[in-house]
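Working notes for the structure below.
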């Protein structure tokens, strides 16, 4: 917890709880840290009546204690959400336009988790001011994905000195739908004949089966992998510098092969290949519950974004319209 030395003890205890007890990933805990630090700094800014444009980075929060947290009201939290929506600098868009609904929802989720910890898990507080505050409405967009033919073209385009490795990586994305972080974390011992053991979000393990072509690609790569010695020799995939392959390296190789296949690399990524796998599975008869297990979604609602793909009932309804067969 040394890296959180600019935070009060109550926040450090919360972060430690989520890392050691709840088993949250380091990335999730880091996001909690950044989001809650900003929230507490804003509360101090408002309470101390500082100029509104005072940089939050300059506001210390080490003195925040249980009584300070207990005094925060729902109205003050609404003020914070308003600040995020209207005044917080948006680094991905025009200045002073506020951050997106999705980013605000994530920050609100961190505050909710913090107060749940304080009121339910440790019972340090009796009142939760954020309990009934609703999340910002997020516009739902359909996931981008490759067609079956585009997927085949992508696989056909793979060549070069790392052909076996890159082909195996693309097959795991397109056939198994695993996350980029999950692929990077794969070890040699995670490959079991026709399946792989994947460690997903929250350190949750699942078994994902490989199709025949994917298994063939992995077997072909494993023959090559036997001849390679890495600094972390447990790793399934290595990089040119003989280290475990990184998330950044995977991102680059996917973009490279997308370009080689004549596809728009600005529109697609490793995550879009995961969308492609889910789309192809669902459109070819896999039910939502099974797809949820394959993808490692905790909530079925997350998986339902793919239900737009092949809805037979909707297609039948369209064909039933008399105008569908009119000759013009």
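Would you confirm whether or not the stretch 295-307 contains a residue that is part of a helix (DSSP H, G or I), surrounded by 13 or more Cβ atoms within 10 Å (Cβ to Cβ) and at pLDDT 80 or above?
Among the residues of the stretch 295-307, at least one is part of a helix (DSSP H, G or I), surrounded by 13 or more Cβ atoms within 10 Å (Cβ to Cβ) and at pLDDT 80 or above, which makes the answer yes.
If the condition is being in a helix (DSSP H, G or I), under 21 Å from the mean Cα position of the chain (by Cα), surrounded by 14 or more Cβ atoms within 10 Å (Cβ to Cβ) and free of Cβ contacts under 8 Å to residues at least 24 places away in the same chain, then the stretch 238-270 contributes 249, 255.
Going by the structure shown, is residue 137 within 26 Å of residue 18 (Cα to Cα) and assigned to a loop (DSSP other than H, G, I, E, B)? Spelling it out, it is not the case that residue 137 is within 26 Å of residue 18 (Cα to Cα) and assigned to a loop (DSSP other than H, G, I, E, B).
Summed over the stretch 199-221, residues that are assigned to a helix (DSSP H, G or I) and over 14 Å from the mean Cα position of the chain (by Cα) total 10.
Of all residues in the stretch 144-174, exactly one satisfies the criterion of being in contact with a strand residue (DSSP E or B) (Cβ under 9 Å, 6 or more places away or on another chain) and touching a residue at least 60 places away in the same chain (Cβ under 8 Å), namely 165. Sub-8 Å Cβ pairs linking a first residue in the stretch 17-35 that is under 18 Å from residue 88 (Cβ atoms) to a second residue that is modelled with pLDDT of 85 or more and outside any helix (DSSP H, G or I), at least 6 apart or interchain, are 33/7, ordered by first then second residue. Here residue 149 qualifies as surrounded by fewer than 20 Cβ atoms within 10 Å (Cβ to Cβ) and either in the same structural domain as residue 69 (by TED's automatic domain parsing) or part of a helix (DSSP H, G or I) (or both). On inspection, residue 196 does not qualify as surrounded by 14 or more Cβ atoms within 10 Å (Cβ to Cβ), part of a helix (DSSP H, G or I) and either modelled with pLDDT under 95 or touching a strand residue (DSSP E or B) at 6+ places or on another chain (Cβ under 9 Å) (or both). Residue under question is residue 120, and the condition is that it be farther than 30 Å from residue 175 by Cα, crowded, with 16+ Cβ neighbours inside 10 Å and at pLDDT 90 or above; does it hold? Criteria not met by residue 120.
The values are calculated or read from the model by the stated rules, or taken from the named source; none is laboratory data. Small disclaimer: the values here were computed from a predicted structure and weren't measured. With ideal geometry, Cβ positions are generated from the backbone for all residues, glycine too; neighbour counts draw on all protein chains shown.
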